[in-house]
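Taken together, the values in this text are just the output of simple stated rules run on the coordinates, not laboratory data. For clarity, every value in this text was computed on a predicted model and none was experimentally measured. Please note: Cβ atoms are built from the backbone with ideal geometry, for glycine as well, and neighbour counts cover all protein chains shown.
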Amino acid sequence: MNHDEYNLMLTRRQLLGRSSTGIGSVALASLLNTDERLAAEPSDQSGIGRAKRVIYLFQSGAPSQFELLDHKPKLDKLHGQQLGPEFFKGQRQTGMTARQKKQVCRSIYHFKKHGDSGAEISETLPYLGQVADDICIVRSMQTQAINHDPAITFFQTGFQQAGRPSMGAWVSYGLGSENKNLPAYVVMISEGSGKRDSQALYGRLWGNGFLPSAHQGVKFRSKGDPVLYLSNPAGIDSRQRREILDLSNKLNARHYEDVGDPETITRIKQAELAFRMQTSVPELMDTSNESKHTFDMYGEAARTPGTYAANCLLARRLAEKGVRFIQLYHRGWDQHGDMPRDLPLQCGDVDQASAALITDLKQRGMLDETLIVWGGEFGRTVYAQGGLNMKRYGRDHHPRCFSMWLAGGGIKPGITYGQTDDFSFDIVENPVHVYDLHATMLHCLGVDHERLTYKFQGRRYRLTDVHGRIVNDILA
């Protein structure tokens, strides 16, 4: 595209920004000095907007509801029963088990009731049981995708195909940042102990899609520089970096007045943020000032960078610093086989630290303003994959019903919501779709999911595109 063709595509806003009277320079200065100017204040109408931030603990690979949060005692009697075609009613199955004999498989783990709420939680999650009265268990989640990548993409972006903005990007776009020295949206990834060949997690899962690129998630690493290219190169000190940045900003500002591309503004703002992060991020990542009590609460693994426990501790520190959306991915839950070996390892990774995060935030008076979400991309089948070898059994993908839990940030504590049938095959009470979860999360942040939109390619898109309802029954 040549320069004349580009001029024909200018929006009114870009045209005004480039007007000859210097409006462009004034607008640029305004943009650079008000990084938080677009932060939409959460509305207090009708009790909306108790949460200021989200910590999303995404369990990549799909944890089995049968072994964790959805007790099905009748399966003990039905164990080994073969399920015929009439049971499935033509419902979609994966190619991994489509032709195998389907035999009902009980769980080898015991459940018991916890707290005043009497929440039934598996023995695999003993620490979660200790905070049962602080969480809301949703047993009636449902999704549309049956394979990992589209299912994870759906949860993160509201669409099964790549290209849409991630949930964190939408929150950043809608609410802005509370801390000018840190990104509004931070991502951390940990490897599970139970499975080494986990699904890939692509950067597009925390991408900005068609939103301005300032809203994409920033991935924090556990080795080397926490953020790539944040450190100064050899021979360059902070003063020299500032001089280089000032010169770069002037050149980019001139380019913006000539061309009017709003992404130029984004680049300037991101460079300024990176300069500030050179001080704020190393300080944030240094947990040496945390007390022994804190490390005892999160577990010894919290002392090892990159572990799920360490990332949960960092999530609390990021929440304290005002980061809007904190996304933790924990890989390794895709247990088609060897569940008796792998599941305890995975639960060992996440159970203590997840419960500690709730307790830690509560002790600091931050739980009511922090929404925590824990869960994967779909559920697991009632039948065993590969037969009924109870020392090595696994379960296939099942999108029709599965379990998650939420805490804090306007969520009603100490309740279990929704119900599945005896086979956890269908939902019999209070279904909650992915879009409903998104709508409810945004509601807790004070955002109307139908009004948070962005015009792209001729129409207005939203995270809940184009439906979704707020699950009022789980709101405090």
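Stokes-Einstein diffusion for the range 371-433, with the hydrodynamic radius set to the Kirkwood value over Cα pairs and evaluated at 25 °C in a medium of 0.890 mPa s, equals 182 µm²/s. Under a model in which nothing but the beta-carbon of Lys, Arg (+1) and Asp, Glu (-1) is charged, the chain shows a dipole of about 660 debye around its Cα centre.
Can you list the lysines whose alpha carbon sits under 24 Å from that of Lys455, skipping same-chain ones fewer than 8 residues off? Within the straight-line cut-off, Lys455 pairs with Lys269. Rounded to the nearest 0.05, the FRET efficiency derived from the C-beta distance between Lys223 and His79 at R0 = 30 Å is 0.10. Amide H contacts for Ala384 (H built 1.01 Å from N in the peptide plane; partners 5 or more residues away or on another chain; cut-off under 5 Å): Gln103, Cys105. Taking a ≥ b ≥ c as the square roots of the eigenvalues of the Cα gyration tensor, the range 116-214 is prolate, since a/c reaches 1.5 or more and a/b is larger than b/c. Each other residue within a Cβ distance under 14 Å of Ala119 adds +1 if Lys or Arg and -1 if Asp or Glu, for a net charge of -2.
Database remark: amide H of Arg221 closer than 5 angstrom to the amide H of Val227 (H placed geometrically; neighbours at sequence offset of 5 or more, or on other chains; Pro and chain starts carry no H). Near Asp296, once Lys and Arg are set to +1 and Asp and Glu to -1 for all other residues with Cβ below 14 Å from its Cβ, the sum equals -1. Dividing the summed -39500 (n - 2.57) terms of all DSSP H runs of n ≥ 4 by the residue count of the chain sets its mean residue ellipticity at 222 nm at -10000 deg cm²/dmol.
So for His433, His443, His330, His255, fewest C-beta neighbours within 10 Å to most, what's the order? Walk me through the numbers on the way to the answer.
Values: His433 18, His443 25, His330 29, His255 14.
Listing His433, His443, His330, His255 from fewest to most nearby Cβ atoms yields His255, His433, His443, His330.
In this simple spin-label model, placing a label point 7 Å from the Cα along the Cα-to-Cβ direction at both Ala162 and Gln278 gives a separation of 3.3 nm. Residues Ser60, Ser172, ranked from the fewest to the most other C-beta atoms within 10 Å, line up as Ser60, Ser172. In terms of its C-alpha gyration tensor, the chain has a prolate overall shape, because the principal axis ratio a/c (a ≥ b ≥ c, square roots of the eigenvalues) is not below 1.5 and a/b outweighs b/c.
Compared with the dominant Cα axis of the chain, that is its longest principal axis, helix 238-259 is turned about 80°.
Assuming R0 = 51 Å, can you tell me the calculated FRET efficiency for the pair Arg392 and Glu450, based on Cβ-Cβ distance, to the nearest 0.05?
That pair, Arg392 with Glu450, gives E of 0.60.
Going from the fewest other Cβ atoms within 10 Å to the most, the residues Glu429, Glu178, Glu120 appear in the order Glu429, Glu178, Glu120.
Electrostatic tally near Asp76: other residues with Cβ closer than 12 Å to its Cβ, Lys and Arg +1, Asp and Glu -1, net +3.
Taking the DSSP bridge list for the chain and keeping only pairs wholly inside it, about 50 percent are antiparallel. Here are some pairs, Lys219/Lys391; Lys195/Lys321; Lys195/Lys292; Lys223/Lys321; which of them have Cα atoms lying more than 28 Å apart in this structure? In this structure, Lys219/Lys391; Lys195/Lys321; Lys195/Lys292 exceed 28 Å between Cα atoms.
Stretching the chain fully between Asn147 and Glu243 yields a gain of 29.6 nm (0.36 nm per residue, less the alpha carbon separation). For the pair Glu263 and Thr94, the difference between a 0.36 nm per residue extended length and the Cα-Cα distance amounts to 56.6 nm.
Relative to the current alpha-carbon distance between Glu86 and Lys113, full extension at 0.36 nm per residue lengthens the span by 6.3 nm.
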